[in-house]
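These notes concern the structure reproduced below.
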Amino acid sequence: MKYAIWFVRFWYVAWMIPAGIEHFYHIYPQPGATTPHPLAAEMLSALLATHLFDIVKAVELLLGLAVLFGYFTPLWLLACMPVAFCVFWWDAPLSNWSTNSVIAGARVLASNLLLCVAYIASLRAMFTLRASVAGAGKWVPVARVVFGVWMLANGLNHFFFTLWPTPPGATALSAQLMTALVNSSLLDVCRLIELVAGALILAGVYVPAALCTVMAVSTCALFWALLDHQPLTLALGLAAFALNGLLMLAYLPYYKGVLQRAPLTLGETDPGTSWNALFVKSVGRTSRAQFTAALIPLVLATAWYAVKGPAVDYAPWGVLVLVYPAVVLHLGRLKDMGRSGWLTLVPAVLSVLAMLMWAGRISLGVQLDAAVPIAALVAVVGLAAWGCIAQGSTEATAK
């Protein structure tokens, strides 16, 4: 189980970190920048014009770093869930269900969902059927009812009654973003979340999970209100966001699992053989059996990007991200073998050079540009094979 989860983690971080960096420092062409699909283009233009895309890409980058370094990973997975869903939505219905695009978007959403499931022990308390708040005063049930009714009313009004219209936007940017949300049907998704979450909050069922889910909508509503520059919309946006946040603070005990710094995933029973121990910080010795098993998902994820070669813009950057966990894994193994960790320097440097060549960032001449990737492959395979074959102190002690 844990090895399958590790493969997903490797793939996801190698995708998300370059995707986040690319927006702030262009390392390859933005995917979809020249999309022929009108709805997808309209949404991307609105995100860029309003700078909401800056927030999206910052979340992607921070999520990638959190998943790689095992730092508050469940929290960041939840924060990125709306982004992962919107990636899928942009790649699927907004792109006319183009096969390659749908597969790309589904991979991102599925990876985020699978990793959330991997941390189910950390998330379980959020799904308490009847969560109670002790010693918080009478304001909590009142606030819960008010917020639940508000969210439920927004959803019912949008789908059934139309007692008040959807605000069109009083400024150019707020109007552009609202138009894109309406045309893309993402506003329908937001209202559906409000409808379901509002009903659950009002009924007092799965309240922590409902509050967490609707927070994404409250945040976007506040962002839109800031763009709109209207006193009423700004007041409503601030009120919804503040009420959502205060209620989450009231139910804080149910989020404690999400707020753990480095919880274990499904299949991880020993902190000494966890993701953090093997791929993040080399503080112990890695036995031959542990090394070989951990190497398999790392090799598979690296191969997924490497086989695409220099022809695919994002592929070299994905491999570069995976150099770090590969070095840490080998450091633990070399320590167990009684060898110097400096031996990882040669394959690591050659790998970085090779990927920078593939990405078109550096060139050492035609012959070296062809030779360095081959040399990197030989060095990497040689070191990995040595780690799988050689006996270390762990095996010697066992005898």
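Residues in the range 333-375 that are free of Cβ contacts under 8 Å to residues at least 12 places away in the same chain, within 30 Å of V283 (Cβ to Cβ) and either loosely packed, with under 13 Cβ neighbours inside 10 Å or outside the structural domain of Y314 (by TED's automatic domain parsing) (or both): S340, W342, L345. Scanning the range 358-375 for residues that are part of a loop (DSSP other than H, G, I, E, B) and charged (D, E, K, R) gives a single hit, R361.
One line per residue, one yes/no per condition, for (1) at pLDDT 95 or above; (2) among the polar types (S, T, N, Q); (3) surrounded by 19 or more Cβ atoms within 10 Å (Cβ to Cβ):
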site: D91; (1), (2), (3): no, no, yes
site: L115; (1), (2), (3): yes, no, yes
site: L129; (1), (2), (3): yes, no, no
site: W139; (1), (2), (3): no, no, no
site: V142; (1), (2), (3): no, no, no
site: P168; (1), (2), (3): no, no, no
site: L177; (1), (2), (3): yes, no, yes
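Would you mind stating whether A240 is surrounded by 14 or more Cβ atoms within 10 Å (Cβ to Cβ) and assigned by TED's automatic domain parsing to the domain that holds C212? Yes, satisfied. Summed over the range 234-270, residues that are in a helix (DSSP H, G or I), out of contact with any Leu (no Cβ under 9 Å at 6 or more places or on another chain) and more than 30 Å from R130 (Cβ to Cβ) total 1.
When the range 129-161 is limited to residues that are assigned to a loop (DSSP other than H, G, I, E, B) and small (G, A, S), the one that is nearest to A210 (Cα to Cα) turns out to be A131. Being closer than 24 Å to C116 by Cβ, surrounded by fewer than 18 Cβ atoms within 10 Å (Cβ to Cβ) and not assigned by TED's automatic domain parsing to the domain that holds T302 is the requirement here; does Y71 meet it? Here the answer is yes, as Y71 does meet what is asked. So, of the residues in the range 264-294 that are of a type in the set (S, T, N, Q) and closer than 27 Å to R124 by Cβ, which turns out to be surrounded by the fewest Cβ atoms within 10 Å (Cβ to Cβ)? Ranking the qualifying residues of the range 264-294, first place goes to T269.
Looking for whichever is more than 29 Å from the chain's Cα centre (by Cα), outside the structural domain of I193 (by TED's automatic domain parsing) and not hydroxyl-bearing (S, T, Y) here; the options are A153, A125, A134. Which one fits?
Sole residue among the options that is more than 29 Å from the chain's Cα centre (by Cα), outside the structural domain of I193 (by TED's automatic domain parsing) and not hydroxyl-bearing (S, T, Y): A134.
Within the range 49-72, one or more residues are without any contact (Cβ under 8 Å) to a residue 24 or more places away in the chain and in contact with a helix residue (DSSP H, G or I) (Cβ under 7 Å, 6 or more places away or on another chain). Does A390 qualify as being within 18 Å of V312 (Cα to Cα), at pLDDT below 95 and in the same structural domain as S287 (by TED's automatic domain parsing)? No: the conditions fail for A390. Checking every residue in the range 38-59 against the condition of being within 29 Å of L356 (Cβ to Cβ) and hydroxyl-bearing (S, T, Y) gives zero matches. Please determine whether any residue of the range 15-36 is assigned to a helix (DSSP H, G or I), surrounded by fewer than 19 Cβ atoms within 10 Å (Cβ to Cβ) and within 14 Å of the chain's Cα centre (by Cα). Yes - at least one qualifying residue is present in the range 15-36. Say whether the condition of being within 29 Å of R285 (Cβ to Cβ), among the hydroxyl-bearing types (S, T, Y) and not in a helix (DSSP H, G or I) is met by at least one residue in the range 300-323. No; the residues of the range 300-323 include none that is within 29 Å of R285 (Cβ to Cβ), among the hydroxyl-bearing types (S, T, Y) and not in a helix (DSSP H, G or I).
Residue by residue, here is whether (1) hydroxyl-bearing (S, T, Y); (2) buried (at least 19 other Cβ atoms within 10 Å of the Cβ); (3) under 11 Å from the mean Cα position of the chain (by Cα); (4) under 21 Å from F279 (Cα atoms) holds:
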| position | (1), (2), (3), (4) |
| --- | --- |
| E60 | no, yes, yes, yes |
| V83 | no, yes, yes, no |
| N96 | no, no, no, no |
| I103 | no, no, no, no |
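Of all residues in the range 163-205, exactly one satisfies the criterion of being within 27 Å of the chain's Cα centre (by Cα), over 15 Å from T50 (Cβ atoms) and part of a loop (DSSP other than H, G, I, E, B), namely S185.
The values are calculated or read from the model by the stated rules, or taken from the named source; none is laboratory data. On a predicted model such as this, the values are computed, not experimentally measured, just so you know. We place every Cβ from the backbone using ideal geometry, glycine too, and count neighbours over all the protein chains shown.
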